[in-house]
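Before any comments, here is the structure.
The values are calculated or read from the model by the stated rules, or taken from the named source; none is laboratory data. Please read all numbers here as calculations on a predicted model, not as lab measurements. When we count neighbours, we look across all protein chains shown, and the Cβ atoms used for this are built from the backbone with ideal geometry, even at glycine. Keep in mind that these areas ignore ligands, DNA and RNA; they rest on the heavy atoms of the full protein, side chains included. Shrake-Rupley method; radii C 1.70, N 1.55, O 1.52, S 1.80 Å.
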Amino acid sequence: EACRLAPRDAFVSTDVGQHQMWTIRHFDFSFPGQLLASGGFGTMGFGLGAAIGAKTAFPDRCVLHFTGDGSFRMNAPELATAAQEGLGIVTVIFDNGVLGMVRQWQTLACGKRYAATTLSGGPDYAKLAEAYGLAAARVSTAGAFRAAFAKALDAARGGKGTVIDCKIGRDELVRPTILDWKRKYGIIVK
């Protein structure tokens, strides 16, 4: 939906995790430098700073930041910078309450033996955004996301950023996934 609703030349920043894979898989990147990602270096927290840099350099372009709840926690205080500078950045949080990519590999390659992936005691992301003076929405359906995203794009054109907290299931998987664990690491994958 975001790809269809966003301007074709929007800058898209990501952190690292499942949200990055879904974003890259479903967005149509048509211009050099349009995707701002740390690649395979695993930089949680990279996306918001990259979005701020892109919006500062190109104030007339739409800037979208897709992140997971784990990555968002790494750099959320930078919302203050985005608000103070009037940067109309749209942040979409894939909020599953876990470190999704790590949990996915623990599901697929480690027999569902989970360790250190559950995120507990976190903030209410919508209230946090509002505390910084940004618009916010909490959604859990595709229809609610479409409405919130369209509203966020309108707000962004006026220089107001928005954080959209998208609640998703903790066991959502990025597909397709390439598993060669058995041969390479001697791990049995069921």
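Determine the dipole magnitude for the chain: charges of +1 sit on the beta-carbon of Lys and Arg, -1 on that of Asp and Glu, nothing else is charged, the reference point is the Cα centre, and the result goes in debye to the nearest 20.
In debye, rounded to 20, the chain gives about 740.
How far apart, in nm, are two points set 7 Å out from the Cα along the Cα-to-Cβ line at Arg61 and at Arg4?
With each label placed 7 Å out from Cα toward Cβ, I get 2.5 nm.
Specify the residue with the greatest mean-square fluctuation among Gly45, Gly122, Gly53, computed from a Gaussian network of the chain linking alpha-carbon atoms under 10 Å apart.
The residue with the greatest mean-square fluctuation here is Gly122.
Taking amide H atoms as placed 1.01 Å from N in the peptide plane, list the residues 5 or more away in sequence, or in a different chain, whose amide H sits under 5 Å from that of Arg138.
The answer is Asp165.
Which sequence of Cys110, Cys166 reflects their accessible areas, 1.4 Å probe, from the largest down?
Cys110, Cys166
If you roll a 1.4 angstrom probe over the protein chains with everything in place, what fraction of the accessible area of the chain belongs to carbon and sulfur, to the nearest %?
After summing per-atom areas, the C and S share lands at 56 percent.
If you average the alpha carbon positions of the range 51-74 and of the range 89-153, how far apart do those two centres end up, in angstrom?
The range 51-74 and the range 89-153 have Cα centres separated by 15 Å.
Using a simple spin-label model with points 7 Å from Cα along the Cα→Cβ vector, what separation in nm is obtained for His26 and Arg146?
The answer from the label model is 1.3 nm.
Using a 1.4 angstrom probe on the protein heavy atoms only, could you order His19, His26 from most to least accessible area?
So, going from the largest accessible area down, we get His26, His19.
Using a 10 angstrom cutoff on alpha carbons, build the Gaussian network for the chain and name the most mobile of Asp165, Asp28, Asp15.
Among Asp165, Asp28, Asp15, the largest mean-square fluctuation in the Gaussian network model of the chain belongs to Asp28.
Top mean-square fluctuation among Ala152, Ala137, Ala109, Gaussian network model of the chain, C-alpha springs under 10 Å?
Of Ala152, Ala137, Ala109, the Gaussian network model singles out Ala109 as fluctuating most.
What are the DSSP H helices in the chain that stretch 30 Å or more along their long axis, judged by alpha-carbon atoms, and whose average Kyte-Doolittle hydropathy comes to at least 1.0?
Helix filter hits for the chain: none.
What translational D, rounded to a whole number of µm²/s, comes out for the chain from Stokes-Einstein when the hydrodynamic radius is the Kirkwood one over Cα pairs, at 20 °C and 1.002 mPa s?
For these conditions, the coefficient is 126 µm²/s.
Sequence neighbours fewer than 8 away in the same chain don't count; with that in mind, list the aspartates and glutamates whose C-alpha is under 12 Å from Lys55.
Of all the aspartates and glutamates, those that pass the test against Lys55 - Cα under 12 Å, at least 8 places apart if same chain - are Glu85.
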